[in-house]
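Throughout, read-outs are computed from the coordinates displayed, never taken from laboratory work. Note that this is a predicted model, so its numbers are computed, not measured. Every residue, glycine among them, receives a Cβ derived from its backbone with ideal geometry; neighbour counts consider all protein chains shown.
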Amino acid sequence: MLGNTLFHQGKLEPALAHFRRGVEMFDPNMPFRDWPGTNPGVLCWFNLALISWMLGYPDRHLEELRAAVRSAETLGHPLTLATTLCWAALVHIFRHELSAAADYARRALRICEEHRIAHYHAYALVIDGWALGASEKGLAQIEQGLDSYGLGASQHILLALQADAQLAIGKPALASVTAGLQAVEKTGGAPLESELYRLRGEALLAGAGTMGEAEAAIEQSIAVARRQNAKSWELRCAMSLARLRRQQGRPQEAAALLAPILGWFTEGFDTADLKEAKALLDQLTESAIAAEG
């Protein structure tokens, strides 16, 4: 499916257009019980949800996600349900909603174990490991899942989750990020390319490199997010760079960087990223005023 190819190349808006067309064309009454892959109609639904979040619509995408899960639950097609539950869990990871992510991931694990779906069993192991929170147990489960997953279109996504989990417990993360970016390079782009550059910056700040190297990586993450028009990634990257600017004693620049992207959003103000961005901007504005005074 062209939409799927575009998505995995990081071409989010063209992919979204193809998935919307797929939803419009799909006939839910068509028999797909013996279909060898994921049901194409449901695939379109859950990709709409994922891309909508990336493009900066934190509320709108939830309606599409629920539609995908409802459709998958009624089909009697285990692979489609396992796939949909994994992607639903991923959306909630991006939203920093651990409980919902864990619920979807564990449902996916049960289905994969019952029906011997190895590929998504590995995927679900990684997602569930991340949802365990900042812990050695969670990180060990992520490593187990990555070893089982091997190569694949979503490898860079799982490596980004591994790097994020490593940073959360103070473990070196640069090797995971580097492997993720190498996977991205092979496809010429990817949906989490921006996040991987941001994580590279955070890993370098955590001791793996210099502040200048970290700054360059985070600036690259913003450039990628803007090229993809991925507003949710851009917001997250802008927060990382704004914190670095504050650390450098440049609160005015930090506030000027963060304010425009935060001001772009028209929904999702109760989500973790937007709350965090608002609190950070308030702190930076206060520091900037104090510096001027």
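Is region 64-110 rounded, prolate or oblate when judged by the Cα gyration tensor, a ≥ b ≥ c being the square roots of its eigenvalues, rounded requiring a/c under 1.5 and prolate requiring a/b larger than b/c? Because a/c hits 1.5 or more and a/b fails to exceed b/c, region 64-110 counts as oblate.
Decide, for region 153-265, between rounded, prolate and oblate: order the square roots of the alpha carbon gyration tensor eigenvalues as a ≥ b ≥ c, take rounded if a/c falls under 1.5, and otherwise choose prolate if a/b is larger than b/c, else oblate. Oblate, since a/c reaches 1.5 and b/c is not below a/b. Summing Cβ point charges (Lys, Arg +1; Asp, Glu -1) relative to the Cα centre of the chain gives a dipole of roughly 240 debye.
Please give the helix 193-203 orientation as an angle from the longest Cα principal axis of the chain, in degrees from 0 to 90, rounded to the nearest 10. Between the helix axis and the principal axis of the chain, the angle is about 50 degrees.
Dipole magnitude for region 44-144: about 120 debye, using +1 per Lys or Arg Cβ and -1 per Asp or Glu Cβ, origin at the Cα centre. What's the local net charge at Gly133, with K and R +1, D and E -1, over the other residues with C-beta under 13 Å away? Computed value for this residue: -3.
Helix 251-264 and the longest principal axis of the Cα set of the chain meet at an angle near 30°. In this structure, the pairs whose alpha-carbon distance is over 21 Å, taken from Lys137/Lys278; Lys11/Lys186; Lys137/Lys171; Lys231/Lys278; Lys137/Lys275, are Lys137/Lys278; Lys137/Lys275.
Which one of Ala15, Ala88, Leu161 is farthest out on the positive end of the charge dipole of the chain, using unit charges on Cβ (Lys, Arg +1; Asp, Glu -1) and the Cα centre as origin? After comparing all options, I get Ala15. Taking a ≥ b ≥ c as the square roots of the eigenvalues of the Cα gyration tensor, region 19-177 is classed as prolate, since a/c reaches at least 1.5 and a/b is larger than b/c. For region 162-293, relative contact order (Cα pairs under 8 Å, six or more residues apart, normalised by length) works out to 16 percent.
Using C-alpha positions alone, give me the convex hull volume of the chain per residue in cubic angstrom.
Cα convex hull per residue, to the nearest whole number: 120 Å³.
Given their separation in residues at 0.36 nm each and the Cα-Cα distance between them, Ala256 and Gln182 gain 23.4 nm when the chain is fully extended.
For the pair Ala206 and Phe269, the difference between a 0.36 nm per residue extended length and the Cα-Cα distance amounts to 19.8 nm. A simple charge model with +1 on the Cβ of Lys and Arg, -1 on the Cβ of Asp and Glu and nothing else charged puts the dipole of region 153-235 at about 160 debye relative to its Cα centre. Here's the picture: charge each Lys and Arg Cβ at +1 and each Asp and Glu Cβ at -1 in the chain, and of Met25, Leu132, Ala290 the one pushed furthest to the positive end of that dipole is Met25. On the beta carbon distance between Glu213 and Ala153, with R0 = 22 Å, the FRET formula returns roughly 0.15. Amide hydrogen proximity for Gly56: with H placed 1.01 Å from N in the peptide plane, the residues at 5 or more positions away or on another chain lying under 5 Å are Lys231, Ser232.
Across the chain, C-alpha contacts under 8 Å between residues 6 or more apart give a mean separation that, scaled by the residue count, equals a relative contact order of 14 percent. Principal-axis analysis of the Cα atoms of the chain puts helix 98-115 at an angle of about 30° to the longest axis. Projection of the Cα convex hull of region 34-78, averaged over all directions and equal to a quarter of that hull's surface, yields 3.0 nm².
A protection proxy built from the mean count of other Cβ atoms within 10 Å ranks the segments 121-132, 140-151, 12-23, most packed first, as 121-132, 12-23, 140-151.
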